[in-house]
Amino acid sequence: MNNIYLDYASTTPIDNDVLESYYKLLKENYANSDSLHEIGNVASSYLKSARQQIANLLKCKENEVIFTSGSTEANNLAIKGVAFAYQNRGKHLITSKVEHPSVLDSFKQLEETFGFEVTYLDIDENGLIDLNQLKNSLRNDTILVSIMAVNNEMGSIQNLQQISKIIKEHSHALYHVDATQAMCKEKLDYSVADLYNFSSHKFYGLKGAGVLIKKEKVRLLPILSGGQQEGGYRGGTVNWVSQVTLAKSLRLGVEKLEEHYKYVSDLKKYLIDKLQKIDNLVINSPQMSSPYILNIYFKNKRGEVIMNALSNKGIYISTKSACSSRSKDYSTSIYELTKDKNISKNSLRISLSHLTTKEELDIFVNELKEIVDNLKG
Ligand code: PMP
């Protein structure tokens, strides 16, 4: 049986060094980092250095680092936190139609329950928002624009600089970026964003740990009330051991970003070359997209059947993002890209890593070809 994992955009395995640090720290010290006794102080100083390390790596200030349980929480905190804090300035918000469900559902809630007005921007055939539509949508009462860095289903990469420039030139709105699929993968300048976030399990760290970076001047109403932790923005006992190891996986990921990027770019070319030889296979991902994500579909074949057949052979890919895998029967992003329900229902996402080998891709393509050949239309 194979064991070929090609679903790294859903989550990644833990790096061995990171796991060792986690285990060692957890065994050594179980204190609450807010306790005032000796072992609490030790925990607190670990957390402080993790915060410093993250701030150094991302060139921001220590008090701009807010630890969260991951990107779902960070997206909720950024979007609802800003909306509630600035609502007396205006109640208009802008996002795109292809954001992650933790972003889209936050906006839906603000719209349906809290009386905000939301503009959802379209994407073009490259998976990018229309910058003119953005410009024309900005109003005096727009308080927040949230546009992701890299799309989790098709891999399109938005132009953060241009988006930020338009927002700043035409409004007083803040710019939030969900950088979950970009961190440690794409070399982007996040400093153009007022808030951005990422999640440790996407770069070989633990699940349940993430960060929201919020510029000092930005106000935020906490979503989790109940404590002084994280500057008062996020109550609850800090999962400090996970956050310390997040800092480590971030450092490793940032240090190796270029090396990994080059390796994975070559892998993606290799894979596309092989896939293009298979009949009826169509590539959904735009040409200029992240090397880490490739979205495809087969004409007249059911994506789910292919995914399950591969899974039975020990090869793991996905039909859509894991976060909507049980709630929707099609991929929102692929639908917005193709405007075709059939394609978006049957699309397959392959996501790569520096751990992926050409041998694995050879086996994957052979098995895929065999499965597809044996499937009736
Ligand atoms: N945003 C994007 C773009 C993602 O891909 C994900 C993870 N699928 C999330 C947010 C949510 O991250 P987490 O799993 O840390 O809640």
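Based on this model, can you work out whether ASP178 counts as more than 16 Å from the ligand (Cβ to nearest atom), over 24 Å from LEU26 (Cβ atoms) and of a type outside the set (Phe, Trp, Tyr)? Full working, then the answer.
On the way: more than 16 Å from the ligand (Cβ to nearest atom): no; over 24 Å from LEU26 (Cβ atoms): yes; of a type outside the set (Phe, Trp, Tyr): yes.
So ASP178 does not fit the description; no.
Any chance the range 54-69 includes a residue that's within 16 Å of the ligand (Cβ to nearest atom), part of a loop (DSSP other than H, G, I, E, B), touching a residue at least 12 places away in the same chain (Cβ under 8 Å) and buried (at least 16 other Cβ atoms within 10 Å of the Cβ)?
Yes, there is a match, as at least one residue in the range 54-69 is within 16 Å of the ligand (Cβ to nearest atom), part of a loop (DSSP other than H, G, I, E, B), touching a residue at least 12 places away in the same chain (Cβ under 8 Å) and buried (at least 16 other Cβ atoms within 10 Å of the Cβ).
Search the range 152-175 for residues being under 22 Å from VAL211 (Cα atoms), in a strand (DSSP E or B) and touching a residue at least 60 places away in the same chain (Cβ under 8 Å), and hand back the single one that is nearest to the ligand (Cβ to nearest atom).
Ranking the candidates gives ILE157 first.
Of (1) open to solvent by less than 80 Å² (accessible area, probe 1.4 Å); (2) in a loop (DSSP other than H, G, I, E, B); (3) more than 16 Å from the ligand (Cβ to nearest atom), THR11 satisfies all except one. Which?
(3) is the only condition that THR11 fails.
Yes or no, residue by residue, for (1) more than 16 Å from ASN76 (Cβ to Cβ); (2) open to solvent by 30 Å² or more (accessible area, probe 1.4 Å); (3) in a helix (DSSP H, G or I); (4) of a type outside the set (A, V, I, L, M, F, W, C):
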residue	(1), (2), (3), (4)
LEU206	yes, no, no, no
VAL218	no, no, no, no
PRO222	no, yes, no, yes
SER225	no, yes, no, yes
GLN228	yes, yes, no, yes
GLY231	yes, yes, yes, yes
GLY235	no, no, no, yes
VAL238	yes, no, no, no
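What number of residues in the range 186-204 are touching a helix residue (DSSP H, G or I) at 6+ places or on another chain (Cβ under 7 Å) and surrounded by 24 or more Cβ atoms within 10 Å (Cβ to Cβ)?
The total comes to 9.
So, in the range 116-133, exactly how many residues are among the hydrophobic types (A, V, I, L, M, F, W, C) and either free of Cβ contacts under 8 Å to residues at least 12 places away in the same chain or farther than 17 Å from LEU104 by Cα (or both)?
Pass one, the range 116-133, residues among the hydrophobic types (A, V, I, L, M, F, W, C): 116, 118, 121, 123, 128-129, 131.
Cutting the leftovers down to either free of Cβ contacts under 8 Å to residues at least 12 places away in the same chain or farther than 17 Å from LEU104 by Cα (or both) gives us 131.
Residues flagged as among the hydrophobic types (A, V, I, L, M, F, W, C) and either free of Cβ contacts under 8 Å to residues at least 12 places away in the same chain or farther than 17 Å from LEU104 by Cα (or both) within the range 116-133 amount to 1.
Conditions (1) in the same structural domain as ILE39 (by TED's automatic domain parsing); (2) over 19 Å from the mean Cα position of the chain (by Cα); (3) away from the ligand (no atom under 14 Å from the Cβ); (4) of a type outside the set (Phe, Trp, Tyr), marked per residue:
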| site | (1), (2), (3), (4) |
| --- | --- |
| LEU195 | yes, no, no, yes |
| SER200 | yes, no, no, yes |
| TYR204 | yes, no, no, no |
| VAL238 | yes, yes, yes, yes |
| VAL241 | yes, yes, yes, yes |
| LEU246 | yes, no, no, yes |
| LYS262 | no, yes, yes, yes |
| LEU267 | no, yes, yes, yes |
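Report yes if some residue within the range 298-319 is within 27 Å of ASP130 (Cβ to Cβ) and either free of Cβ contacts under 8 Å to residues at least 12 places away in the same chain or outside the structural domain of ILE129 (by TED's automatic domain parsing) (or both); otherwise report no.
No, there is no match, as no residue in the range 298-319 is within 27 Å of ASP130 (Cβ to Cβ) and either free of Cβ contacts under 8 Å to residues at least 12 places away in the same chain or outside the structural domain of ILE129 (by TED's automatic domain parsing) (or both).
I'm checking my understanding of the structure. Among residues of the range 305-338 that are buried (at least 16 other Cβ atoms within 10 Å of the Cβ) and charged (D, E, K, R), which one is modelled with the lowest pLDDT?
LYS320
Under the condition of being within 16 Å of the ligand (Cβ to nearest atom) and aliphatic (A, V, I, L, M), which residue from the range 83-112 is surrounded by the most Cβ atoms within 10 Å (Cβ to Cβ)?
VAL98
When you scan the range 32-53, how many residues do you find that are crowded, with 17+ Cβ neighbours inside 10 Å and either touching a His at 6+ places or on another chain (Cβ under 8 Å) or more than 14 Å from SER242 (Cβ to Cβ) (or both)?
Qualifying residue count, the range 32-53: 2.
The values are calculated or read from the model by the stated rules, or taken from the named source; none is laboratory data. Note that this is a predicted model, so its numbers are computed, not measured. Neighbour counts run over all protein chains shown; Cβ positions are idealised from the backbone, glycine included. Ligands, DNA and RNA are excluded from the accessible area calculation, which covers all protein heavy atoms including side chains. Shrake-Rupley method; radii C 1.70, N 1.55, O 1.52, S 1.80 Å.
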